[in-house]
Amino acid sequence: MLGLSSHDHKVNFCKFTNETRNGIEDATEFSGQKYICAINGTAAGGGYELALSTDYIMLIDDGTSTVSLPELPLLAVLPGTGGLTRLVDKRKVRHDRSDVFCTTTEGMRGQRAVDWNLIDEIVPRSKFQETVEERASKFADDSGRPKDRKGVEFKPLARQDDGNTVTYNNISLQFDREQGVVSILIKGPSSDPPADLVEVEELGDDFWPLALTRELDAAILHLRLNENEIGTWVFRTEGVSDRVEAYDNFLELNQDDWLIREIILYLKRTLKRVDVSARSLIALIEPGSCFTGTLLELALIADRSYMLEGQMENSNLSAPTIRLTGLNLGAYPMSNNMTRLETRLIGEPDKVRNARNLKGKLLEAVDADEAGLVTFTPDDIDWEDEIRLAIEERASFSPDGLTGLEANLRFAGPETIETKIFGRLSAWQNWIFQRPNAAGPEGALKLYGTGQRSEFDKKRV
C-alpha cells in the first residue's frame, strides 16, 4: 500500500493512525477503558505499533508467533506511527536492544520478548484463550466505567457538498480555491443548554457540544484528505456568546458524569486534530461572533488571530467580544500537556494568572490584546485590507516551509510521547518517504515483494 500511495496519502494515513493510537492511550488514562492485545501469530510493523498503544500485550508461546518492527530492513522506512517512540519512552526498552529489535526482520518471541519488555506475558497455546479471557475480565472489573448506562447512537451526519461549499448542521465550509483558502464558519447553539443530564441523554447526538464535535472532526478529516491544496483555514463563529458560555458551564458542572466526561474528551481529541493539521490557521473575531470558551480554543491555537476593534461603519452589530470559561483552564490540553492558554503565554506567566481572573468577562479588542489573547486588532478602516494581505501573504509562501514553521512554533513547552511522535518521528518518516532509498525506482519501498534487491545511495544526510 505505501509503495503505491502518493506522498500526501502516506502522510495523512500515518497521521490518522497516530491520532487513533493516541486516542486509545487517552481513553485508557481518562475514560477508564482498558485495552489488551492478544497476539496469536505475527504482529509486525503497524500491527505491533497498535499493540504498543494498549495496556497489556499477550503473546502465544507456540515457537512461531512473534512481534517485530521490520520497516527499516525491509522497506527502508521507519515504524513511523509511534513504534520507535513508544518502544523507548513507553515500554522503556533500552536503546541498544531497541536497535537490535528494529533491525531484525524475523522479530522476537518467547521469554526474550518478555525479558526485553517488548510484551507483558507469554502464554502456552493450550491456555491462551482461557488466559486472555481471564485478563480481560480482570481489566473490565477494574475499569470503573458505569455498567447501567446506555451509549449514544450516532446517526449519519447531515452533510451537503456542492463542490465549493460543504454544509453540516453546525458548520459550513466555503472554499476560495484560487487563494487556497477555506472559511470554516461554526454556529453557536440555537437554544439554551438542557436542564439536566436526563435531557442530555434524550437529546443524544443532537446535544450541541457533541453534534459540533462530530461535525468538526469530520470536516477536519475531509479537508486533510480531500482538499490538500487548501492551505489556509480561516475560523469564524456566529452566535450568542452567553449560550456558548452556558453550555461550557453545564459541561464543567457535570464533568464527573460518564457521558459528559466522554464528550469533553472527544472535544479535546478533536481540537488536537486542529493543532497538528498541516495548514495555516487564522481566526477572525468579527461582530456577531461567539469565540467563547470551547470555541475560543480555535483562536488561541491559530497562527494568527484578528479581532475587530469597535464596530463596522453603518452596522448595528456591537463590537465583537471574546470570553474565557473554566474549560479553557484545563479541560483541553494540547499534546504537550499544557493548555492552549499556557502554551500561548508561556513566557508571560503573569498573563496566564490574570487570564484566570478574566473568566466569564466579555473582552473587547483592546482588553483582549492587553491580555495576550489575540494577535492584531485592526479597526473597520483597516480590517478588510489586513485580512486580505494576511491571506495573500500566506498563499505566496512555500507550503512545505509553512508546514515546518507552524509545527515548530505551535508546541512550546515540554516534550511528551505525543509531541515526539508528531514532531520528531513523523517528521523524519515524512522526509524518508521522499528519499530515493525508500521511494525511488530502485528503493526498498518500491521493490518490496518483487524479489529484486534495492540499490541504496550510501551517502548519509
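The values are calculated or read from the model by the stated rules, or taken from the named source; none is laboratory data. Because the structure is a prediction, the values reported are computed rather than measured. Every residue, glycine among them, receives a Cβ derived from its backbone with ideal geometry; neighbour counts consider all protein chains shown.
Give Leu295, Leu308, Leu284 a once-over and let me know the one that is closer than 21 Å to His222 by Cα and in contact with a Ser or Thr (Cβ under 9 Å, 6 or more places away or on another chain).
Values: Leu308 fails: closer than 21 Å to His222 by Cα; Leu284 fails: closer than 21 Å to His222 by Cα.
Unique residue meeting the criteria: Leu295.
So, in segment 366-395, exactly how many residues are part of a helix (DSSP H, G or I) and within 18 Å of Val234 (Cβ to Cβ)?
Going residue by residue through segment 366-395, those that are part of a helix (DSSP H, G or I) are 366-370, 383-395.
Checking the rest, the ones that are also within 18 Å of Val234 (Cβ to Cβ) come to 383-395.
The total comes to 13.
Please find, among Leu362, Leu389, Leu358, Leu327, the residue that is buried (at least 21 other Cβ atoms within 10 Å of the Cβ) and assigned by TED's automatic domain parsing to the domain that holds Thr232.
Working: Leu362 fails: buried (at least 21 other Cβ atoms within 10 Å of the Cβ); Leu389 fails: buried (at least 21 other Cβ atoms within 10 Å of the Cβ); Leu358 fails: buried (at least 21 other Cβ atoms within 10 Å of the Cβ).
Going through Leu362, Leu389, Leu358, Leu327 in turn, the sole match is Leu327.
How many residues are of a type in the set (Asp, Glu) and either buried (at least 21 other Cβ atoms within 10 Å of the Cβ) or in contact with a Lys or Arg (Cβ under 6 Å, 6 or more places away or on another chain) (or both) if we restrict to segment 64-101? Don't jump to the end; show me each part of the working.
Initially, segment 64-101 is screened for residues of a type in the set (Asp, Glu), giving 71, 89, 96, 99.
Those left that are additionally either buried (at least 21 other Cβ atoms within 10 Å of the Cβ) or in contact with a Lys or Arg (Cβ under 6 Å, 6 or more places away or on another chain) (or both): 71.
Result for segment 64-101: 1.
Among the listed residues Glu49, Glu25, identify the single one that is modelled with pLDDT of 95 or more and within 17 Å of the chain's Cα centre (by Cα). Before the answer, list the steps.
On the way: Glu49 fails: within 17 Å of the chain's Cα centre (by Cα).
Exactly one residue qualifies, and that residue is Glu25.
Counting only residues that are out of contact with any Ser or Thr (no Cβ under 7 Å at 6 or more places or on another chain) and β-branched (Val, Ile, Thr), which one in segment 1-48 is surrounded by the most Cβ atoms within 10 Å (Cβ to Cβ)?
Val11
I'm trying to understand the selection: among the residues of segment 165-183, which are surrounded by 18 or more Cβ atoms within 10 Å (Cβ to Cβ), more than 18 Å from Leu281 (Cα to Cα) and not β-branched (Val, Ile, Thr)?
Tyr168, Asn170
Taking Ala218, is it among the hydrophobic types (A, V, I, L, M, F, W, C), over 18 Å from the mean Cα position of the chain (by Cα) and surrounded by fewer than 21 Cβ atoms within 10 Å (Cβ to Cβ)? Don't jump to the end; show me each part of the working.
Numbers: among the hydrophobic types (A, V, I, L, M, F, W, C): yes; over 18 Å from the mean Cα position of the chain (by Cα): no; surrounded by fewer than 21 Cβ atoms within 10 Å (Cβ to Cβ): yes.
Against the criterion (among the hydrophobic types (A, V, I, L, M, F, W, C), over 18 Å from the mean Cα position of the chain (by Cα) and surrounded by fewer than 21 Cβ atoms within 10 Å (Cβ to Cβ)), Ala218 does not qualify.
On the basis of being in a helix (DSSP H, G or I) and among the small types (Gly, Ala, Ser), does Ser172 make the cut?
So Ser172 does not fit the description; no.
Inside segment 247-269, can you point out the residues that are buried (at least 22 other Cβ atoms within 10 Å of the Cβ), out of contact with any Phe, Trp or Tyr (no Cβ under 7 Å at 6 or more places or on another chain) and not hydrophobic (A, V, I, L, M, F, W, C)?
Asp248, the sole residue that qualifies.
Glu418 - would you say it is acidic (Asp, Glu), over 21 Å from Leu284 (Cα atoms) and buried (at least 17 other Cβ atoms within 10 Å of the Cβ)? Don't jump to the end; show me each part of the working.
Working: acidic (Asp, Glu): yes; over 21 Å from Leu284 (Cα atoms): yes; buried (at least 17 other Cβ atoms within 10 Å of the Cβ): yes.
So Glu418 fits the description; yes.
Can you spot a residue in segment 122-144 that is in contact with a Ser or Thr (Cβ under 8 Å, 6 or more places away or on another chain) and not hydrophobic (A, V, I, L, M, F, W, C)?
Keep residues of segment 122-144 that are in contact with a Ser or Thr (Cβ under 8 Å, 6 or more places away or on another chain), which gives 123.
With the extra rule that they be not hydrophobic (A, V, I, L, M, F, W, C), the set shrinks to none.
Scanning segment 122-144 turns up no residue that is in contact with a Ser or Thr (Cβ under 8 Å, 6 or more places away or on another chain) and not hydrophobic (A, V, I, L, M, F, W, C).
For segment 421-433, state whether one or more residues are surrounded by fewer than 18 Cβ atoms within 10 Å (Cβ to Cβ), farther than 30 Å from Glu29 by Cα and at pLDDT below 95.
yes
How about segment 311-325: which of its residues are under 21 Å from Leu216 (Cα atoms) and assigned to a loop (DSSP other than H, G, I, E, B)?
Listed by number, the residues that qualify are Leu324, Thr325.
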